[in-house]
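Engineer: Got a structure for you, written out below as structure tokens; questions coming shortly.
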Amino acid sequence: MCTFLLALIYLAFISLGLPDSLLGSAWPALRLSFDVPISYMGIVSMIISGGTICSSLMSERLTKRFGTRIVTTVSIFVTAIAMFGFSSVTEFRQLCLWGIPYGLGAGAIDSALNNYVALHYSSRHMSWLHCFWGVGTIISPYIMSYAIAHSSWSGGYRIVSFIQLGIAVTMLITLPVWNVHKGQMDSENSGNVVGLGKALKIKGVPSLLIGFFAYCAAESTVMLWASSYLSETKSLPEKDAAAFASLFFIGITAGRFISGFVSDKMGDRNMIRIGVAVALAGVLPVLLPVKAELPALIGFVMIGFGCAPVYPSIIHATPSNFGAENSQAIIGIQMASAYIGTTFMPPVFGLIANHISIRLMPFYVALFLVLMIIMTERTFGMKK
């Protein structure tokens, strides 16, 4: 039953990843249909991330009241409805409105399941959990590329909404499986709420939040702008740019699969260091001023491969660094901090792309990767 439950959690993380790469892969075609500037993707991503910030900050209270399984199942239903809403919009402002429920659902899933796996499973399972998020993000660009080639971008969102609905129904039917950890779950859910104020006073938490903010700023910038970067700098057709953007997600997914075999031996801190080094090396071929797209494609795979162990390693280290009794509160705040980076930093780059050049994207990503490693090293140094 424990293995079956783990499979369900992996499935839930596929549902979390499916919508995450849709907006970036659809944007070159989507923005033309609404006749809006390239930077307007930042508006949509800010709204989505705003919802995730709110639900992440509320995750501790929601999880303690309703339990991880209820929060997860309801949230997947909410994202399925939001994806169908995206597929039916006829105006840009409607796209923004449907971003609200999508963000609320995604943040709740992320916070609840990350804490659950950090408490109940080993580091390898945390890596593989996020590997399955990557599976979702890989599938989506190909769905969108197919939809653009055969109908329109709205068809891509509709297909994903049906997949999400199927996953939500599966989670609903299998709710009793979660009883395998019922005793531990009851204990975790019965404690006092730590809250934002108390969590921020814990030594090492503020620097960790800055590091997580920086990492997610880098990751989400690549996630949202890779397709547009390839389209604008390499003159690739929209459908090819959408498909090639999935290379970043292939790198991050393959990297997390491999990380699962070595993370228990290497330790969370070493996995973060190695990952950042590889990601920074991947920035170099992306920024090469050549017309051929191959170096950039290799670079995006390398960046993804390097990013692979960072997120799961930071999350998995939270209970051991700050205590199991504080982990749900801190992971919820970590998610909020991450989504602040996701909310504001890709739109900032959109302004840079509009007013200066989209070619600056590799430098922008490298800046945040360096900031992330500095702040996480500070956190781990404090917790020795």
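The values are calculated or read from the model by the stated rules, or taken from the named source; none is laboratory data. Treat the numbers as computed from the prediction; the structure is a model and nothing was measured. Backbone-built Cβ (ideal geometry, glycine too); neighbour counts: all protein chains shown. For accessibility, only protein heavy atoms count, side chains too; no ligands or nucleic acids. Shrake-Rupley method; radii C 1.70, N 1.55, O 1.52, S 1.80 Å.
Engineer: So which helices (runs of 4 or more DSSP H) are wholly in region 194-298 and hold at least 3 residues that are out of contact with any His (no Cβ under 7 Å at 6 or more places or on another chain) and farther than 21 Å from residue 22 by Cα?
Structural biologist: Values: elements: 195-200, 205-234, 238-244, 246-266, 268-287.
Result: 195-200, 205-234, 246-266, 268-287.
Engineer: Can you name every residue in region 34-84 that is out of contact with any Gly (no Cβ under 6 Å at 6 or more places or on another chain), more than 30 Å from residue 357 (Cα to Cα), in a helix (DSSP H, G or I) and open to solvent by less than 50 Å² (accessible area, probe 1.4 Å)?
Structural biologist: Passing the criteria: 63, 64, 68, 71, 72, 73, 76, 80, 82, 83.
Engineer: Consider only pairs whose beta carbons are under 6 Å apart and that are at least six residues apart or on different chains; among these, list those whose first residue lies in region 204-216 and is more than 8 Å from residue 341 (Cα to Cα) and whose second residue is open to solvent by 10 Å² or more (accessible area, probe 1.4 Å) and not in a helix (DSSP H, G or I).
Structural biologist: Correct list of pairs: 204/383.
Engineer: If you take the residues in region 129-165 that are open to solvent by 40 Å² or more (accessible area, probe 1.4 Å) and not aliphatic (A, V, I, L, M), which one is nearest to the chain's Cα centre (by Cα)?
Structural biologist: 132
Engineer: A further question follows. Do we find a residue being outside any helix (DSSP H, G or I) and either over 11 Å from residue 213 (Cβ atoms) or touching a Leu at 6+ places or on another chain (Cβ under 8 Å) (or both) anywhere in region 366-384? Steps first, answer last, please.
Structural biologist: First pass over region 366-384, keeping only residues outside any helix (DSSP H, G or I): 383-384.
Add one more test, that the residue is either over 11 Å from residue 213 (Cβ atoms) or touching a Leu at 6+ places or on another chain (Cβ under 8 Å) (or both), and what stays is 383-384.
Yes, region 366-384 contains at least one residue that is outside any helix (DSSP H, G or I) and either over 11 Å from residue 213 (Cβ atoms) or touching a Leu at 6+ places or on another chain (Cβ under 8 Å) (or both).
A quick yes/no check of all residues on (1) assigned to a helix (DSSP H, G or I); (2) modelled with pLDDT under 90; (3) among the aromatic types (Phe, Trp, Tyr):
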site: 140; (1), (2), (3): yes, yes, no
site: 145; (1), (2), (3): yes, yes, no
site: 149; (1), (2), (3): yes, yes, no
site: 157; (1), (2), (3): yes, no, yes
site: 160; (1), (2), (3): yes, no, no
site: 165; (1), (2), (3): yes, no, no
site: 171; (1), (2), (3): yes, no, no
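Engineer: How many of the residues making up region 223-247 are within 18 Å of the chain's Cα centre (by Cα) and surrounded by fewer than 24 Cβ atoms within 10 Å (Cβ to Cβ)?
Structural biologist: 1
Engineer: Quick one: is residue 272 open to solvent by less than 10 Å² (accessible area, probe 1.4 Å), within 19 Å of the chain's Cα centre (by Cα) and closer than 17 Å to residue 368 by Cβ?
Structural biologist: In short, yes.
Engineer: OK, next. Just checking, how many residues over region 210-222 are aliphatic (A, V, I, L, M) and open to solvent by 20 Å² or more (accessible area, probe 1.4 Å)?
Structural biologist: Counting residues in region 210-222 that are aliphatic (A, V, I, L, M) and open to solvent by 20 Å² or more (accessible area, probe 1.4 Å) gives 1.
Engineer: Further question on the same structure: For residues that are free of Cβ contacts under 8 Å to residues at least 40 places away in the same chain and crowded, with 24+ Cβ neighbours inside 10 Å, tally how many sit in region 309-332.
Structural biologist: 0
Engineer: If you scan region 85-109, which residues turn out to be under 18 Å from the mean Cα position of the chain (by Cα), open to solvent by 70 Å² or more (accessible area, probe 1.4 Å) and within 16 Å of residue 164 (Cβ to Cβ)?
Structural biologist: 104
Engineer: Residues 291, 265: which one is without any contact (Cβ under 8 Å) to a residue 12 or more places away in the chain and open to solvent by 40 Å² or more (accessible area, probe 1.4 Å)? Step through it out loud before you land on a result.
Structural biologist: Working: 291 fails: without any contact (Cβ under 8 Å) to a residue 12 or more places away in the chain.
Exactly one residue qualifies, and that residue is 265.
Engineer: Does residue 112 qualify as being part of a helix (DSSP H, G or I), over 16 Å from the mean Cα position of the chain (by Cα) and over 20 Å from residue 220 (Cβ atoms)?
Structural biologist: Here the answer is no, as residue 112 does not meet what is asked.
Engineer: On to the next question. Being over 16 Å from residue 337 (Cβ atoms) and among the hydrophobic types (A, V, I, L, M, F, W, C) is the filter here; which residues of region 355-368 pass it? Spell out the reasoning first.
Structural biologist: Filtering region 355-368 down to residues over 16 Å from residue 337 (Cβ atoms) leaves 355-367.
The answer is 356, 358, 360, 361, 363, 365, 366, 367.
Engineer: Spot the failing condition for residue 7; the list is (1) among the small types (Gly, Ala, Ser); (2) surrounded by fewer than 19 Cβ atoms within 10 Å (Cβ to Cβ); (3) touching a helix residue (DSSP H, G or I) at 6+ places or on another chain (Cβ under 6 Å), and only one is missed.
Structural biologist: Result: residue 7 passes all but (3).
Engineer: Could you list, ordered by first residue, the pairs with Cβ atoms under 9 Å in which the first is in region 105-118 and farther than 22 Å from residue 320 by Cα and the second is open to solvent by 10 Å² or more (accessible area, probe 1.4 Å) and among the acidic types (Asp, Glu), at least 6 apart or interchain?
Structural biologist: Every condition considered, the pairs that remain are 106/20.
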